[in-house]
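The values are calculated or read from the model by the stated rules, or taken from the named source; none is laboratory data. Bear in mind the structure is a predicted one, so any value in this text is a computation, not a measurement. Cβ atoms come from the backbone with ideal geometry, glycine included; neighbour counts cover every protein chain shown. Areas reflect the complete protein model, heavy atoms only, side chains present, ligands, DNA and RNA absent. Shrake-Rupley method; radii C 1.70, N 1.55, O 1.52, S 1.80 Å.
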Amino acid sequence: MSLRNKVTLIGYTGKEVELINFESGNVKASVSLATTDHYTNAKGEKVEETQWHNLIAFGRAAEILEKYVPKGKEIAIEGKITYRSYDDKDGVKRYITEIRIDEILLLGGK
């Protein structure tokens, strides 16, 4: 596996997993993931900063997400950053950044 485009994230899912079934039989799963950092600013105040990530998965990883990952579940993922664009209903070009999951680890007690 290449280290040139590799992402590792640990966080909590923000919604239920959404599935798309393709005519070919393939399945795509998507879910959002929240990661939170804590730091102390120049005034000595503790600051919490949350980032949201769009995750996508295919094949076995998609099946695991569907079966074992409810909203609020803590997971660790490894994958790569992907970019895509599309034209919305008004003809405006939209850009999306996603993390394509290669590996998933279920964390927490749920």
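Which of the peptides 55-64, 41-50, 77-86 is most tightly packed, and how do the rest follow, judged by the mean count of other Cβ atoms within 10 Å per residue?
Top of the packing list down: 55-64, 77-86, 41-50.
What percentage of the solvent-accessible surface of the chain, computed with a 1.4 Å probe over protein heavy atoms, is contributed by carbon and sulfur atoms?
47 percent
Select from 92, 72, 105 the residue farthest towards the positive end of the dipole of the chain; place +1 on Cβ of Lys and Arg, -1 on Cβ of Asp and Glu, and compute about the Cα centre.
Ranked along the dipole, the leading option is 105.
Can you compute the helix-only [θ] at 222 nm over the chain? Use -39500 (n - 2.57) per DSSP H run of at least 4 residues, normalise by all residues, nearest 500 deg cm²/dmol.
Taking each H run of at least 4 residues, the total per residue is -2500 deg cm²/dmol.
In degrees, nearest 10, range 0 to 90: what is the angle between the Cα axis of helix 59-68 and the longest Cα principal axis of the chain?
Long axis of 59-68 versus the principal axis of the chain: about 60 degrees.
If I model a spin label at residue 89 and residue 43 as a point 7 Å from the Cα along the Cα→Cβ vector, what separation in nanometres do I get?
According to this spin-label approximation, the distance is 4.3 nm.
Can you give the convex hull volume per residue for the Cα atoms of the chain, as a whole number of Å³?
Given the Cα convex hull of the chain, per-residue volume reads 166 Å³.
With respect to the cross-link table entries 6/46; 43/73; 6/28, which display a Cα-Cα separation exceeding 26 Å?
Correct reply: 6/46; 43/73.
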